[in-house]
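Read the structure below first, then the notes.
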Amino acid sequence: MAKLVNGKLEYDLITTSLVVQASYLASNQDEHIVDDVISGYTGLLPCNWGSPPLSHTEIGFFVDTELWFFSSTSRKELNGGTGTRWSKANFVLRNPDRWKLQAKWFAAADIHRQIKRANSIIGQPYDFAGVFADFLLPLDLIKKKKSIYCSKAVRFVLTSEHIRVSPRRQYKWAQKNGWKEVVCTKSFLAKVLTE
């Protein structure tokens, strides 16, 4: 069984090569004003026009018959603190109507590398300043820091790039790069979480 050791995910095998990106819908959110703020101001950027009202991003991997998600979070209730962490799908997606899922098949070797990259940034605090400054400053002044926010962490895990990217833009990037939207999140989760 997969387990966390010092916050890092340890597992025996990749159960399936399907990787899941989960994006939180600010429009269906639970009264956290930060969701509205992130979705609202990043939605004003022309590169994000036409994207859903998203405020958070997670990346999920099927290991040892379980779906585990990785991200950086500002909410203490999601991991006991803030910053990078792993959580099981049944906890992260406990309100499936608040999420948009996209999925894509990867080679097992790619998934191992992605999980290794995620484990390499365990312990980084949430980048409270960067989540706002990255989208207010005209240039990406700081490429690599000791703190990170959700969509930037997900992009790093998938590509090893440290770039500024909002949840809305990460969603559009995935769409453009062959990720398929899961039509019914509840049905998908009912199937994968019981197998």
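The values are calculated or read from the model by the stated rules, or taken from the named source; none is laboratory data. From a predicted model like this one, the values you see are computed outputs, not experimental measurements. Counting neighbours? That spans all protein chains shown, and the Cβs are built from the backbone with ideal geometry, glycine included.
Could you please find all residues in segment 86-124 being of a type in the set (Phe, Trp, Tyr) and either touching a residue at least 24 places away in the same chain (Cβ under 8 Å) or under 16 Å from residue 160 (Cβ atoms) (or both)?
Result: 86, 99, 105, 106.
Residue by residue, here is whether (1) within 17 Å of residue 60 (Cβ to Cβ); (2) surrounded by 15 or more Cβ atoms within 10 Å (Cβ to Cβ); (3) in contact with an Asp or Glu (Cβ under 8 Å, 6 or more places away or on another chain); (4) modelled with pLDDT under 90 holds:
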residue	(1), (2), (3), (4)
95	yes, no, yes, yes
98	yes, yes, yes, yes
106	yes, yes, no, no
110	yes, no, no, no
116	yes, no, no, no
120	no, no, no, no
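Do the conditions hold for residue 70, that is, is it within 14 Å of residue 16 (Cβ to Cβ) and buried (at least 21 other Cβ atoms within 10 Å of the Cβ)?
no
Report whether or not residue 179 is surrounded by 17 or more Cβ atoms within 10 Å (Cβ to Cβ), at pLDDT 95 or above and over 21 Å from residue 73 (Cα atoms).
yes
Yes or no, residue by residue, for (1) of a type in the set (Phe, Trp, Tyr); (2) more than 15 Å from residue 159 (Cα to Cα):
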position	(1), (2)
53	no, yes
56	no, yes
59	no, no
68	yes, yes
85	no, yes
89	no, yes
93	no, yes
99	yes, yes
114	no, no
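For segment 53-65, which positions are more than 15 Å from residue 165 (Cβ to Cβ) and either assigned to a loop (DSSP other than H, G, I, E, B) or under 10 Å from the mean Cα position of the chain (by Cα) (or both)?
Across segment 53-65, the qualifying residues are 53, 60, 64, 65.
Can you pull out the residues in segment 157-186 that are within 14 Å of residue 24 (Cα to Cα) and of a type in the set (A, V, I, L, M)?
The one that is within 14 Å of residue 24 (Cα to Cα) and of a type in the set (A, V, I, L, M): 182.
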